[in-house]
Amino acid sequence: PLLDCKMQLSPLPRQNFSVDVEGTNSSGNLGVAGNFNYQQRNVFGGAEVFDLQLRVARERQQINDSIFNTQEYGFESSLTIPKFLSFIKARQLFTFQIPETKFTVGYNYQNRPDYTRTITNLKFGYNWKTSNYQFHTLNLVDLNYVHLYNQNTAFINSIRDLYIKSSFTDHLISATNYSWMYNTQNVNKREDYEYFRINVESAGSLLSLYSRLVHKDKIVETDSVTGIRSSYYEVLNTRFAQYVKGDFEYRYGHMIDKSSSLVGRAFFGIGIPFGNFNVLPFEKKYFTGGANGIRAWQVRSLGPGSYKAPADIYPNQSSDIKLEANLEYRFKMFWRMEGAFFMDAGNIWAINYKDNREGSVFKVNEFYKQIAVGSGFGVRFDFTYFLFRLDLGMKMRDPSLAEGKRFIPGNYQVSSDQFNLSFAIGYPF
């Protein structure tokens, strides 16, 4: 028997332009950003896709009575080829759907009163599927070069925290990373779903091996404040990072009925620095708080551990280990409005005593005492293609308070410091 089939296809435009304007609210500091996006499909006649994004942002930050502006400019460009480019015949090794080879290059310029920073990145890797639910990403080359200049000497020397000070040094990251995702969620069907994601990454080991083989000399320096001496190799006159990192995330969504659902999330991540760089680079560290973390705290203002940052500094808390759990009950209200009751718990920690912040180090017999807990209520406006979200979180348990008085209800009077309002686009998880 023969099947006489007719297929009608509607071609997408070969070129596409778009302009996005967004408002930002980072720890109460308001800003505005604009993105120009350009896409060219079928660049070389083989369904290759070229993407270009230009970004301009400006933020008004306030610390005590001082107001200053942060400026950011940057671009990211990528070329996606719909096949697996490799010296190895991949079809003999893998069974995969929709294979892609992707090249990415980007540059970001940030100007602040205390320093100017540029970040240049180059990436080469693959994306593919092995089923309708399983997605894979393998980046063989993931290079990041961070350069700082125009530094305020008084500001840099005032930082006694070695982990934070490491964020203000030039460094090179040469990494390889792999990500596996399993997602059964179908946005067109209202049904229970599961989501798993595993990321693993390694950086610096090949550069360290190369430095040893060619007998490169180590650079020796002494910290101007602590007097601690350190030695390391440089490549291209820049210290390179060396670490291994991995994290795991799980989500489960249960549809109670046509108008309500219960969604949970668990996350665990750890990064272990070693060898040439004794701390994780700042862009690889974990943080929490804010619209997609523990919402009763401003972004980057929680932790690590029981550490309490001075009140007069800009929130910038990050570290090596992250443990977080979220539970949210979502329900329809009226028109396009949805409501949600939520509870968040977790914290971040340092992996070892190289972090000199008091109470920051992860200890098996104490970490559970340093879990922060927040709860609250959120309102969402669902406009089909995008969703606006307002979440008001309240601190229930603050690990930076004295032991025995970390539960806020019943121990402290209600104040504005116990609440945090987050604005975001999209669901938190």
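The values are calculated or read from the model by the stated rules, or taken from the named source; none is laboratory data. The shown structure was predicted, so the numbers you read here are calculated from the model rather than taken from an experiment. Backbone-built Cβ (ideal geometry, glycine too); neighbour counts: all protein chains shown. Each accessible area value is taken on the protein alone, full model and side chains, heavy atoms only, with ligands, DNA and RNA left out. Shrake-Rupley method; radii C 1.70, N 1.55, O 1.52, S 1.80 Å.
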Projected label distance in nm at Y412 and K129, using a 7 Å step from Cα toward the beta-carbon
4.8
Estimated FRET transfer efficiency (F381, D217; beta-carbon r; R0 60 Å; 0.05):
0.50
Whole-number percent relative contact order across the chain, with pairs defined as alpha carbons under 8 Å at least 6 apart:
9
Would you please give the FRET efficiency between S259 and D170, computed as 1/(1 + (r/R0)^6) with r the Cβ-Cβ distance and R0 = 56 Å, to the nearest 0.05?
0.55
Dividing the mean separation of Cα pairs under 8 Å (6+ apart) by the residue count of the stretch 235-366 yields a relative contact order in percent of 23
Efficiency by 1/(1 + (r/R0)^6): what FRET value for S86 and Y368, r their Cβ-Cβ distance, R0 = 35 Å, to the nearest 0.05?
0.15
Under a cut-off of 28 Å between alpha-carbon atoms, report the lysines in cross-link reach of K405, not counting same-chain residues fewer than 8 places apart.
K308, K322, K363, K369, K395
From zero outward in steps of 5 Å, how is the percent of C-alpha pairs of the stretch 108-153 spread across the bins?
5, 17, 17, 11, 12, 10, 9, 8, 5, 4, 1
Do any chymotrypsin sites (Phe, Trp or Tyr not before Pro) in the stretch 339-374 lie in a DSSP loop with no more than 14 other beta carbon atoms within 10 Å, and if so, which?
Y353
Percent carbon-and-sulfur accessible area, the chain, ignoring ligands, DNA and RNA, probe 1.4 Å
57
Using only DSSP helix segments of four residues or longer, with each worth -39500 (n - 2.57), what per-residue ellipticity at 222 nm results for the chain after dividing by its residue count and rounding to 500?
-1000 deg cm²/dmol
For K129, list the lysines whose Cα falls under 23 Å from its own Cα; do not include residues on the same chain fewer than 8 positions away.
K83, K89, K102, K189
Work out, in µm²/s and without decimals, the Stokes-Einstein translational diffusion coefficient of the stretch 254-299 at 4 °C, 1.567 mPa s, Rh from Kirkwood over C-alpha pairs.
93
Point-to-point label distance, E76-F334, nm (Cα→Cβ direction, 7 Å offset)
4.1
Output for the stretch 343-429: GluC sites (Glu not before Pro) sitting in coil per DSSP, at most 12 other Cβ within 10 Å, listed by number, reads E358, E403
If you bin the C-alpha pair distances of the stretch 230-359 every 5 Å from 0, what whole percents do you get?
2, 9, 16, 17, 15, 12, 10, 7, 5, 3, 2, 1, 0
Please get the size of the charge dipole for the chain, origin at its Cα centre, with Cβ charges of +1 on Lys and Arg and -1 on Asp and Glu, quoted in debye to the nearest 20.
560
Throw me the Rg/Rh for the stretch 336-429, computed over C-alpha atoms with Kirkwood Rh, two decimals.
1.08
Cβ-based net charge around D142, under 9 Å, with every Lys or Arg adding one and every Asp or Glu removing one
0
Summing +1 for each Lys or Arg and -1 for each Asp or Glu, what net charge is found among the other residues whose Cβ lies under 15 Å from the Cβ of E338?
+3
Give the cross-link partners of K332 among the aspartates and glutamates, using a straight C-alpha distance below 12 Å as the criterion and excluding same-chain residues fewer than 8 apart.
D257, D382
Ranked order, D142, D192 - accessible area, probe 1.4 Å, largest first:
D192, D142
Trypsin sites (Lys or Arg not before Pro) within the stretch 316-350, DSSP loop, no more than 13 other Cβ atoms inside 10 Å:
R336
Might you tell me the accessible area per residue for the stretch 216-279, computed with a 1.4 Å probe and given in Å²?
51
Looking at [x] -0.65, -0.99, -1.19; [y] -0.41, -1.06, -1.50; [z] -0.29, -0.76, -1.11, which value of log10 I(q)/I(0) by the Debye sum over Cα atoms at q = 0.07, 0.11, 0.13 Å⁻¹ comes from a calculation on the structure shown?
[y]
The answer for the net charge of residues other than S211 whose Cβ lies under 15 angstrom from its Cβ, with Lys and Arg +1 and Asp and Glu -1, is +2
By accessible area of protein heavy atoms, probe 1.4 Å, what ranking do H215, H147, H136 get, highest first?
H215, H147, H136
Any idea of Y107's accessible area? Nearest 10 Å², probe 1.4 Å.
90
Extension gain, L206 back to V105 (0.36 nm per residue minus Cα-Cα distance, nm):
34.2 nm
Would you mind giving the three semi-axes, in whole Å and largest first, of the ellipsoid equivalent to the stretch 271-421 according to its Cα gyration tensor?
30, 19, 13
